[in-house]
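> Provided herewith is a single structure, encoded as structure tokens, for subsequent inquiry.
FYI, it's all coordinate maths here, none of it is from the lab. Everything quoted here is computed from the prediction, not taken from an experiment. Cβ: placed from backbone, ideal geometry, glycine included. Neighbour counts: every protein chain shown.
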Amino acid sequence: MRIAIGSDHAGYRLKTHLRQWLEERDCEVRDLGPAALDPADDYPDFAHAVARSVQTGECDLGIVICSTGVGSCMAANKLRGVRAALCHEGFSARRSREHNNANVLCLGADIVGQSLAEEIVAAWLQASFTGEARHRRRLEKIVQLETASED
């Protein structure tokens, strides 16, 4: 599984920790930045890079981290086909994959610590889309909204 990961300065330490944690679990991780802690960086840049790598199929899934996860989630969801989910506990992380087929996980570094982030990521990665008709129907409606917003 190829996982893109990125953060702004607020999520830098958690991103670095999770990258190593994922690699220890034999995940192929593509770190899309930042390469160093820079208080002047902006979360939309890294959220876009991660979301784009998922959108193009370069990576299977993505993880984006900023202070609350809210801004990164908003930015990532601007790309067609990206279904970014902001999760601060394992239940919503698991459900975001099972019901919503989320392909980008957004985390708030000021909200979750390292061990909780590991639990959330583990729950998210272990889950998969159920493919039930009701969930497919709802996802199709999201695709229609994406298309309608471009008109």
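> For Ala75, what is the net charge nearby, where nearby means another residue's Cβ is under 14 Å from its Cβ and Lys, Arg count +1, Asp, Glu -1? Could the numbers behind the result be given before it?
On the way: positive: Arg52, Lys78, Arg80, Arg83; negative: Asp8, Asp41, Asp42, Asp45.
My count for the surroundings of Ala75 gives 0.
> Pop out the ³J(HN,Hα) list for region 118-135 in order, Karplus 6.51 cos²θ - 1.76 cosθ + 1.60 with θ = phi - 60°, rounded to Hz; leave Gly and Pro as x.
My calculation for region 118-135 gives 4, 4, 5, 5, 4, 4, 5, 6, 6, 8, 8, 4, 6, x, 4, 4, 5, 6 Hz in order.
> Ranking Val50, Val82 by Cβ neighbours within 10 Å, fewest first, what do you get?
On the way: Val50 33, Val82 21.
Final ranking by Cβ density, sparse to dense: Val82, Val50.
> Given R₀ = 25 Å, what would the calculated FRET efficiency be for Leu37 paired with Ile111, taking r from the Cβ atoms and rounding to 0.05?
Using R0 = 25 Å, I get an efficiency of 0.85.
> At a 10 Å Cβ-Cβ cut-off, how would you order Asp45, Asp26, fewest neighbours first?
Final ranking by Cβ density, sparse to dense: Asp26, Asp45.
> For each of Thr16, Thr56, count neighbouring Cβ atoms within 10 Å of the residue's Cβ, then give the residues from fewest to most. Display every interim value, and only then the final one.
Details: Thr16 16, Thr56 10.
So the ranking, lowest neighbour count to highest, is Thr56, Thr16.
> For the chain, which cysteines have no second Cys with its Cβ under 4.7 Å from theirs?
Cys27, Cys59, Cys66, Cys87, each lacking another Cys Cβ under 4.7 Å.
> In nanometres, what is the gap between the two model label sites at Thr16 and Glu132, each 7 Å from Cα along Cα-to-Cβ?
4.2
> Please sort by residue number the GluC sites (Glu not before Pro) in region 105-141 whose DSSP state is loop and whose Cβ has at most 11 other Cβ atoms within 10 Å.
Of the GluC sites (Glu not before Pro), the ones in loops of region 105-141 whose Cβ has at most 11 other Cβ atoms within 10 Å are Glu132.
> Next up: At what distance in nm do the modelled label points of Ser92 and Glu58 sit from each other, each positioned 7 Å from its Cα along Cα→Cβ?
2.9
> Would you work out the charge dipole size for region 55-138 about its Cα centre, treating the Cβ of every Lys and Arg as +1 and the Cβ of every Asp and Glu as -1, and quote it to the nearest 20 debye?
580
> When the expected Rg is taken as 2.2 N^0.38 Å, what fraction or multiple of it is the alpha-carbon Rg of region 1-136?
After normalising by residue count via 2.2 N^0.38 Å, the value is 0.94.
> What 222 nm value per residue comes from the helices of the chain, counting each DSSP H run with n ≥ 4 as -39,500 (n - 2.57) and dividing by all residues, nearest 500 deg cm²/dmol? Let's see the in-between values first.
Working: 6 runs with 72 residues, N = 151.
One gets -15000 deg cm²/dmol as the mean residue ellipticity at 222 nm.
> Quick one: putting +1 on the C-beta of Lys and Arg, -1 on the C-beta of Asp and Glu, what dipole do you get for the chain around its Cα centre, in Debye to the nearest 20?
The dipole magnitude comes to about 620 debye.
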